[in-house]
1. In whole Å, what three semi-axes, largest first, describe the equivalent ellipsoid of the protein assembly as shown built from its Cα gyration tensor (square root of 5 times each eigenvalue)?
2. Binning at 10 Å from 0, report for segment A:1-110 what percent of all alpha-carbon pair distances ends up in each bin.
3. Could I have the simple spin-label model distance between A:Lys457 and B:Phe44, label points 7 Å from Cα toward Cβ, reported in nm to one decimal?
4. Grab the Cα-Cα distance for A:Met198 and A:Glu244, subtract it from 0.36 nm times how many residues apart they are, and report the gain in nm with one decimal.
5. Select from A:Leu251, A:Phe15, A:Ser364 the residue farthest towards the positive end of the dipole of chain A; place +1 on Cβ of Lys and Arg, -1 on Cβ of Asp and Glu, and compute about the Cα centre.
6. Name the longest site-free stretch of chain A, where the excluded sites are chymotrypsin sites (Phe, Trp or Tyr not before Pro) in a DSSP loop with no more than 13 other beta-carbon atoms within 10 Å.
7. For A:Glu196, A:Glu367, B:Glu72, which order do you get if you count the other beta carbons within 10 Å of each Cβ and list the fewest first?
8. Among A:Asp52, A:Asp74, rank each residue by its count of other Cβ atoms within 10 Å, from fewest to most, as a rough exposure measure.
Amino acid sequence: MKTFRIIKDRPAGFFAEFEKRPAPLRHNMHYCPGCGHGVLHKIVAEALTDFDIKDRTTFISPVGCAVFGYYYMDCFGISTPHGRAPAVATGLSRAHRDSVVISYQGDGDLAAIGFNEFIHTVNRGENLCYIFVNNAIYGMTGGQMAPTTLVGQKTSTTPHGRCASEDGIPFRVAEIVASQPNPVYVERVALSTPKEIMKARAAIRKAIKNTMERKGLSFVEVLSPCPVGLKKDAAGISKFIDEEMTKIFPLGKLKDVAAERVPVEHPVPVYDREKVRAALFPQENGAEETESSGKKLREDVYNESEIFEKERRIKVAGAGGQGVLSLAYIIAHMARLRNFNVTYLPTYGPEMRGGTADCSVVASRREIASPIVDSNANMLIVLNQPSLDKYLPQLKPTGVIVYDSSSVTLPEIGENQVAYGVPAAQLAVGLGSTRYGNSLILGALAKMMEELFLTPKDTKDFSDVVEAALRECFADKPKIIAPNLEAFRLGKENAFRAETIKTPK
Amino acid sequence: MKKRYFPKIRNDECKGCERCVIACPKGVLALGKALNVMGLPHVFVADEAACTGCSLCFYTCPEPGAISIIEEKEED
């Protein structure tokens, strides 16, 4: 009697059918004939089922030919921006402690554009299985020179062969990784002859095992055939790998200290909504702003004044060190405390002090499309002359200016524009520190709002919310809350509506 | 009890790269002239009796399921 048994077949680590591939080709991959990716995918897919880790593995596809890795691997998959696989892999492996993250990158992705992120991931020794596919060329984009291209090798960007003095020499990533203390396992393998393929299989399985045991970063560099990119046939490309590539990229184990290492541990991530909130906003602790009372708050303090109906776009500008950003931050907090959607977008020069600083704040009852205020601003708060000159053109014809009258001379403004001033810097010196300037400006802002826009009900509420925002923003410096509240009151007292020269329409 | 092995080629999944032809130490496989659904020539089993079931062709093949290895047992 004859019995038949299939001993090797399509690994179950692959999807049974590749649904994203065009029919009728739903059983094979998009790679060119003879491509090393297929061989590697098969080794990985086989390991996924052999180790029974399909349900906890994430296969991170790079940008490159393997970008569609998630079409094939029957596990979780993420396709990352070019070179950014290490960042995504780090986040994943830390957030999901039991996951097995396989980062799969090519030489263009890892050794060129993404090397910076990669080398720091190596340095941190994240618990990852790293597969680096080195085929000495940019395959997907049409055979350009890669960092790993051999000297003398002809590519579409080195038509006369890579020149060592012009283009540098092949980049040896495995050696760099092995030289670092944190990685636990580094090996270079090749996909040329069956013997080398079996070694590659053993290395990749070992790397996956290490990751399952949380030993740290295991790195396998794979010299992979790209017969189409290098314009060779199957025999020629294997010969190229065995005889030319291995001269520059010697095969073998460069480091294996996995046995000595204890499992990598990171702080346990917290997913509890309330705990995250408490950690992010400690000043809210004890306050009644839970989710249920949040709704109540929304109905209770819904501002009646017409001004709050539409999106309000505010630009705050001045010199670095004047408190521009904290002023904008307080305004953003005021909006948040009254349940507006709010964005806060600071921009500042490279200088800590003395450079320019400006900040866009948008508050709206609806969704905010753009956090950038570069035209049609409703309000411009300026703390120095250059800022006013620069940003005045961005103010709406019906906009409002709030300015520091001790340092700013108001130019001609539009017919329907209004300006409120307060000698903030001057008064702040009187209070003991120029740092109180921004609270004085808030006083002017409050006066302007009361006189022009607020209903009686909202008038009191506005001062309350300024106080609440100040308390919140300075929660870690309780000593300066009282002087800032005093400055706010003083600013409100001393603010004035500027008599301005109007430009006729 | 006699055991023998033979490879099975799924013609429409083979891209004819010839990696398996080179890899097989016994010369079991060869590239044919007929074209498959992709319009590519595919490998065929030229000398089934020589197969030892070493599976090197399976591991060198870049396609997931183009080659399967089958074991045949004959009990007396």
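1. Values for the protein assembly as shown, descending: 67, 26, 23 Å.
2. Over segment A:1-110, the share of Cα pairs per 10 Å bin runs 14, 43, 32, 8, 2, 1 percent.
3. 8.8 nm
4. So the chain would gain 14.5 nm between A:Met198 and A:Glu244.
5. A:Leu251
6. Maximal segment without exposed cleavage sites: A:1-270.
7. A:Glu367, B:Glu72, A:Glu196
8. Going from sparsest to densest Cβ surroundings: A:Asp52, A:Asp74.
Read-outs: derived from the displayed coordinates by stated rules, not from any lab. Quick caveat: nothing in here was measured; it's all calculated off a predicted structure. Cβ: placed from backbone, ideal geometry, glycine included. Neighbour counts: every protein chain shown.
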